[in-house]
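**Q** First, the structure itself, so that you have it in front of you.
The values are calculated or read from the model by the stated rules, or taken from the named source; none is laboratory data. Note that this is a predicted model, so its numbers are computed, not measured. Cβ: placed from backbone, ideal geometry, glycine included. Neighbour counts: every protein chain shown. Each accessible area value is taken on the protein alone, full model and side chains, heavy atoms only, with ligands, DNA and RNA left out. Shrake-Rupley method; radii C 1.70, N 1.55, O 1.52, S 1.80 Å.
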Amino acid sequence: MKIPKLHLWIPAFNRFLLLSCIWLILILLLRAADLAGVNRFPAPPLQLISMAVWMDVLTLLGIIRWIVIPYLLLYMLVSRKLADGLYLLLIILYLIISLSLNLYFHQTNVPLGADVYGYSLKDIRQTVGAASGEISLKTIGVLAGIVVLAAVMIVWLSGRKITGDRRGFWFALLCLAFCFVPVSQALTSNRLKPEYAGNIVLNKTGFFLVKTQEYLFPRDWGAEGFIADENGLDPLFRAEPVAPDQYPFLYKPAQGSVLAPFLRETQRPPNIVVVIVEGLGRAFSGKGAYLGSFTPFLDSLSQHSLYWENFLSGGGRTFAVLPSILGSLPFARNGFAELPPAEMPQSLNLLNITARNGYHTCFLYAGDASFDNMEQFVRNQGVTNVVDKDSFGSGYELLPANSGGFTWGYSDAALFRKYLDITPVDTLTPRLDVMLTVSTHSPFKVPDQAHFNQLAENRLRALGLSREQLDDKLQYKSVYASVLYMDNALRTFFHDLAQRPDFNNTIVLVTGDHRLPEIPMRSKIDRYHTLLLMYSPLLQRPATFPSISSHLDIAAAFTGLLQRYPGFAVPAFATWMGSGLDTAREFRNVHHYPLMQTKNDLVDYVYGTWMLNNGSLFKILPNMDLEPSEDESMTRFLNAGFNAFRQQNNRMLQTGRLLPDSLYNAFMKK
């Protein structure tokens, strides 16, 4: 095939430039619509707009640098119409994807990454159902306008020509040179404060494409250089491992209990009730909540409880909460619970350890327990009873449906009443009961909505905000209303629970699965910042702990507590990622662990009062805000621990084992 001389390629170069200009204009139109959907800018508008436009240009160049050669070859050697048609098809595809991603962002205030690949079609349908009917007429009008403008622009501009010069040639050369410029970090990093400001700036499609690339072509962490001991172990891990090559998470745990001094001694092990509240974050609960507290009952209860105010969830979504709290388990590929049953390693966790010691175990969820594979996970751990939306029975109150007809399931009040209805008043058989609520989930529709909306508005007005601040917060009134509803349902639940004769030997834990994202977050750690409240008639004195602990520390703390009861057996070895709850009365963090943001986003690592996010280092302040740091030695140190965890996690996936079968079988059959 004869290749045309260079000057004959000029029309192809110019055509590529023209179509790229169409694409850029459409991207800027999408950005204008995106920014129009922001009610109040969390940073100077000019700064945000300029950074946003730069992100858009960077996204375009990051895409078309891989298109320039195929387009030119098609144009000159195959068919000009085919080259144009495929390019315009890519533009239309980008438009559709961008509109969808922008809609997602305005529903959740966080950009969508590769976590979408970690959900089943059924889970996605539920999530989409929650958002359906919540899109305003204004948003629909803006989207329709963009589609019409895009169609007109493509038809009109695609018929134009750039003639007579070499602008197209230099542009194509720029695109080719850009192939050697790394853009992934720039398209996904967010160091602005608050975090919401950085999320606004991000090009949502660029972010999604980079995260998709990382998902499809993951890095080989085994090839990463890091400081390690001779066994390749995490240099930050202080417990002595048993067999690091075969069982990287298996070690001999420390003896004793930090919780025992706070509790009266009894001969019988206590009932344990774990209430996991959907979306409960410290940002809007408790003393010093920077959004103001909307949980008056929990605030009051915390004064009579053991209360960890700087508590972290194991994940940024619900998928991580059960494995983290009940088993302190590693995250595997997309979360431990997402592993197929045949690939899920056997583990010794709170569910099967307590069951082995005569406990009755139960899991109740107000929604569909197949979501995030929750039912599969708890049944795999031998839970005695599972109750969810499909097995509630009649006589219980469903959450109001949104305008699209969707409801997540039953109200918090209904969940607590169901629990009390099915739980026998039996003072002889101890219980471990786990409940997960759903009322504080989008679309934030709760019973007696008008009443709780008014309570939320009254509480917002009592904060002494400026008119502008008040208007900004009132747009989240339904979210705050759902929090107030949840808090009131908890008040009734504790009142009713206290009437039972077995309450005197019961410990109740209240925590959040993660901080809900629909109210903009101020920092990366805000997503994980929840609380842990431990209330019981067995408590000898209340206490508040400013020290940092997490969901990953609960299993170690409670096995340590339970083993002091006569006849309660615990394994000699453990695979906890956490080391136990810290009861220090000052702000500190003696722990270190990864935190998994989404099912495909393991980018956060906490060590002491430091946090590593996507390679960027932050200092954790006493108010749990973050301060950027340029400490290179500390960055290397945290990267060492983080990379070592990734290797251990990968080793667990390769072997399919957390502990030897002999150890598991010997303990469970005793």
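**Q** Which of the three applies to the range 300-429, rounded, prolate or oblate, going by the alpha-carbon gyration tensor with a ≥ b ≥ c and a/c under 1.5 meaning rounded?
**A** It is rounded, given that a/c, with a ≥ b ≥ c, falls under 1.5.
**Q** Using a ≥ b ≥ c from the Cα gyration tensor of the chain (square roots of the eigenvalues), is it rounded, prolate or oblate, where a/c under 1.5 gives rounded and otherwise the larger of a/b and b/c decides, a/b for prolate?
**A** prolate
**Q** Arranged from highest to lowest average of other beta-carbon atoms within 10 Å per residue, in what order do the peptides 526-538, 446-458, 254-266 appear?
**A** In descending order of packing, they fall as 526-538, 446-458, 254-266.
**Q** OK, next. If you roll a 1.4 angstrom probe over the protein chains with everything in place, what fraction of the accessible area of the range 593-663 belongs to carbon and sulfur, to the nearest %?
**A** 46
**Q** How about LYS473: which aspartates and glutamates have a C-alpha closer than 12 Å to its C-alpha, ignoring those fewer than 8 places off in the same chain?
**A** GLU457, GLU518
**Q** Binned at 10 Å from 0, what are the whole-percent values of the Cα-Cα distance distribution for the range 411-490, short to long?
**A** 17, 38, 23, 14, 7, 1
**Q** Separation between the ALA569 and ILE69 pseudo-spin-labels, each 7 Å from Cα along Cα→Cβ, expressed in nm?
**A** It works out to 6.4 nm between the two label points.
**Q** Taking the mean number of other Cβ atoms within 10 Å as a proxy for protection, how do you rank 102-113, 464-475, 404-415 from highest to lowest?
**A** With the highest mean Cβ count within 10 Å placed first, the list reads 404-415, 102-113, 464-475.
**Q** Another one. Run the 1.4 Å probe and let me know the accessible area of MET344, rounded to the nearest 10 Å².
**A** 20
**Q** Sequence gap at least 6, Cα distance under 8 Å: using those rules, report the relative contact order of the chain to the nearest whole percent.
**A** Over the chain, the number comes to 20 percent.
**Q** Let a ≥ b ≥ c be the square roots of the eigenvalues of the Cα gyration tensor of the range 504-609; is it rounded (a/c under 1.5), or, if not, prolate (a/b larger than b/c) or oblate?
**A** Because a/c hits 1.5 or more and a/b exceeds b/c, the range 504-609 counts as prolate.
**Q** Determine, from the Cβ-Cβ distance of ASN458 and LYS669 and an R0 of 41 Å, the FRET efficiency 1/(1 + (r/R0)^6), rounded to the nearest 0.05.
**A** Approximately 0.10, to the nearest 0.05.
**Q** Now, a different point. Relative to the present Cα-Cα distance, how much length would full extension add between GLN185 and LEU90 at 0.36 nm per residue of separation?
**A** Answer, rounded to one decimal: 31.8 nm.
**Q** If you stretched the chain out fully between THR429 and LEU82, how much longer would it get, using 0.36 nm times the residue separation minus the C-alpha to C-alpha distance?
**A** 117.6 nm
**Q** Here's another thing I want to ask about it. Exceeding 24 Å between C-alpha atoms, which entries from my cross-link table qualify? They are LYS418/LYS445; LYS477/LYS619; LYS389/LYS669; LYS445/LYS524; LYS211/LYS524; LYS204/LYS445.
**A** LYS477/LYS619; LYS389/LYS669; LYS445/LYS524; LYS204/LYS445
**Q** Rounded to the nearest 500 deg cm²/dmol, what is the calculated helix-only ellipticity per residue at 222 nm for the chain, with -39500 (n - 2.57) per DSSP H run of length n ≥ 4?
**A** After summing the helix terms and dividing by the residues of the chain, the value is -12500 deg cm²/dmol.
**Q** Just the accessible area per residue of the chain, please: how many Å² with a 1.4 Å probe?
**A** Here the per-residue accessible area is 41 Å².
**Q** Then there is this: Beta carbons within 10 angstrom, averaged per residue: use that to sort the peptides 51-57, 326-332, highest first.
**A** Per-residue mean Cβ counts within 10 Å order the peptides as 326-332, 51-57.
**Q** What FRET efficiency comes out for GLN540 versus ILE49 if R0 is 56 angstrom and r is the Cβ-Cβ distance? Round to the nearest 0.05.
**A** 0.45
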